[in-house]
Amino acid sequence: MAHDEPQAAGPTKLVIRNIGLVLSGAMEKPILDADTIVAENGRITAIGRAKDVDADGATTTVDANGTTVAPGLIDSHVHPVAGDWTPRQNQIGWIDSFLHGGVTTMISAGEVHMPGRPRDVVGLKAMAIFAQRAFWTLRPGGVKVHAGAPVIENEMVEEDFRELAAAGVKLLGEVGLGGVKDGPTARKMVGWARKYGIQSTIHTGGPSIPGSGLIDKDVVLEADTDVVGHINGGHTALPDNQIRCICEGCKRGLELVHNGNERAALYTLRIAREMGDLSRVILGTDAPAGSGVQPLGILRMVSLLSSLGEVPAEIAFCFATGNTARMRALDCGILEVGRAADFVIMDKAQHSAGKNLLDSVQLGDLPGVGMTIIDGIIRTQRSRNTPPATKVPEIVGH
């Protein structure tokens, strides 16, 4: 089982040098002109050319060996329960496995797989506060899990949302997985959540677990959540005309998940591109789920959307990093001074037909992960889950 990773005992200075390609995570400038990144005490302090940055006094130096450095990937839709265990598949170590797929941050869409999950208001609030506290303290493999996402029920009143926010809860679980399935009630409660700084997501499409139900375009549009959760279905998608209606009828986040309908994901992507709204596209896995745990789910979505959705790979990586970071108000996901030093270092997989990492992803191949770094601390080296990378970074000073 992956336990909580210790934090740095003293001041740290990480230098990553000899970088072949820097992906920023920001759609307005997805590729940066840089070959060196410096991070001090878990924050990025410099990005540029080696001759222009202060690399002296490094406590850790990584030679990237010409590979690609990108922001750590963000999974916008997971269902954690307790620590690094999921009862849905009775699997231990799933979060650590996602880290080996380049994921450094996860967002809970509700701890709905908790055995005996309480449905009464006191119980659901207590469980949300517990999950928020537990994952604030515990970071499996170092992964940042933003949890504590209550599933709303009809008996809740505004004071419940104020209490949750005061206790540190910042997310709602998927609207529609509990008793609230109608538009007017959902809109009222989403409004209360927003008033107290709590973000919201709605289940979209056919039912996924016992107790859930069909959530169609009318409910989605009236609820007006911050994120349209798995607009490509989790698993069952809405008809195309309803997907288009949602895309055109609101300006909220359009979340595409691995455990959904792939054709519907590509259809949504096409609409977002037609509308000039690719900044609304974010990625999740919706795992653990009935189809299992997918450690490479975010990389697979990047590859799918780039290769079959005809999106440049550097833009597809933004869906899994900067777009989500901005929508979720996170301090990671974009490579810029002051943000968290969370990185994934990758290269094209061995024997890929692609000329380089970006070309290989646009051809549909998965990259090989050579290292993950969270808060400026190396968490993993060559991934045990991705295809082996052609080139890998190495620690040359520690």
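The values are calculated or read from the model by the stated rules, or taken from the named source; none is laboratory data. Here the structure is a predicted model, which is why all the values come from computation and not from measurement. We place every Cβ from the backbone using ideal geometry, glycine too, and count neighbours over all the protein chains shown. Quick note on the areas: whole protein, heavy atoms, side chains included, nothing else; ligands and nucleic acids left out. Shrake-Rupley method; radii C 1.70, N 1.55, O 1.52, S 1.80 Å.
Quick notes on this structure:
- Scanning region 107-124 for residues that are closer than 12 Å to E153 by Cβ and open to solvent by 30 Å² or more (accessible area, probe 1.4 Å) yields a count of 4.
- Qualifying residue in region 142-162 (condition: in contact (Cβ under 8 Å) with a residue 40 or more places away in the chain, over 21 Å from the mean Cα position of the chain (by Cα) and outside any loop (DSSP other than H, G, I, E, B)): no
- Restricted to region 125-158, and to residues there that are among the basic types (K, R) and under 26 Å from I377 (Cα atoms), the residue that is surrounded by the fewest Cβ atoms within 10 Å (Cβ to Cβ) is R133.
- Hits in region 19-42 - residues which are touching a helix residue (DSSP H, G or I) at 6+ places or on another chain (Cβ under 8 Å) and either over 13 Å from A70 (Cα atoms) or aliphatic (A, V, I, L, M) (or both): L21, L23, A26, M27, I31
- Test: residue in region 238-255 that is under 22 Å from the mean Cα position of the chain (by Cα), touching a residue at least 60 places away in the same chain (Cβ under 8 Å) and open to solvent by less than 10 Å² (accessible area, probe 1.4 Å): yes
- Filter result (open to solvent by 10 Å² or more (accessible area, probe 1.4 Å) and over 18 Å from W136 (Cβ atoms)) within region 67-92: P87, R88, Q89, N90, Q91, I92
- Of note, A46 satisfies the criterion of being small (G, A, S) and open to solvent by 10 Å² or more (accessible area, probe 1.4 Å).
- In summary, V302 fulfils each of the numbered conditions (1) open to solvent by 10 Å² or more (accessible area, probe 1.4 Å); (2) part of a helix (DSSP H, G or I); (3) out of contact with any Gly (no Cβ under 9 Å at 6 or more places or on another chain) with the single exception of condition (1).
- Checking each residue in region 163-191 for being part of a loop (DSSP other than H, G, I, E, B) and closer than 30 Å to F98 by Cα picks out A167, G168, V169, K170, L172, G173, E174, G176, L177, G178.
- All positions within region 180-232 that are without any contact (Cβ under 8 Å) to a residue 60 or more places away in the chain, among the hydroxyl-bearing types (S, T, Y) and out of contact with any strand residue (DSSP E or B) (no Cβ under 6 Å at 6 or more places or on another chain): T185, Y196, S200, S212
Yes/no matrix, rows are residues, columns are (1) among the β-branched types (V, I, T); (2) at pLDDT 95 or above; (3) open to solvent by 10 Å² or more (accessible area, probe 1.4 Å):
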{"residue": "V344", "(1), (2), (3)": "yes, yes, no"}
{"residue": "K355", "(1), (2), (3)": "no, yes, yes"}
{"residue": "P367", "(1), (2), (3)": "no, yes, no"}
{"residue": "T372", "(1), (2), (3)": "yes, yes, no"}
{"residue": "R379", "(1), (2), (3)": "no, yes, yes"}
{"residue": "R384", "(1), (2), (3)": "no, yes, yes"}
{"residue": "P388", "(1), (2), (3)": "no, yes, yes"}
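- Among (1) over 20 Å from the mean Cα position of the chain (by Cα); (2) modelled with pLDDT under 95 - the single one E5 does not satisfy: (1)
- I315 meets each of the listed conditions (1) more than 13 Å from the chain's Cα centre (by Cα); (2) under 26 Å from N18 (Cβ atoms); (3) buried (at least 24 other Cβ atoms within 10 Å of the Cβ) apart from (3).
- In region 73-102, of all residues being in contact with a helix residue (DSSP H, G or I) (Cβ under 6 Å, 6 or more places away or on another chain) and of a type in the set (V, I, T), the one that is modelled with the lowest pLDDT corresponds to T86.
- Breaking point among (1) touching a helix residue (DSSP H, G or I) at 6+ places or on another chain (Cβ under 9 Å); (2) modelled with pLDDT under 95, for A70: (2)
- Leading residue by the ranking (farthest from the chain's Cα centre (by Cα)) among those in region 69-101 that are of a type in the set (G, A, S) and under 17 Å from S383 (Cα atoms): G93
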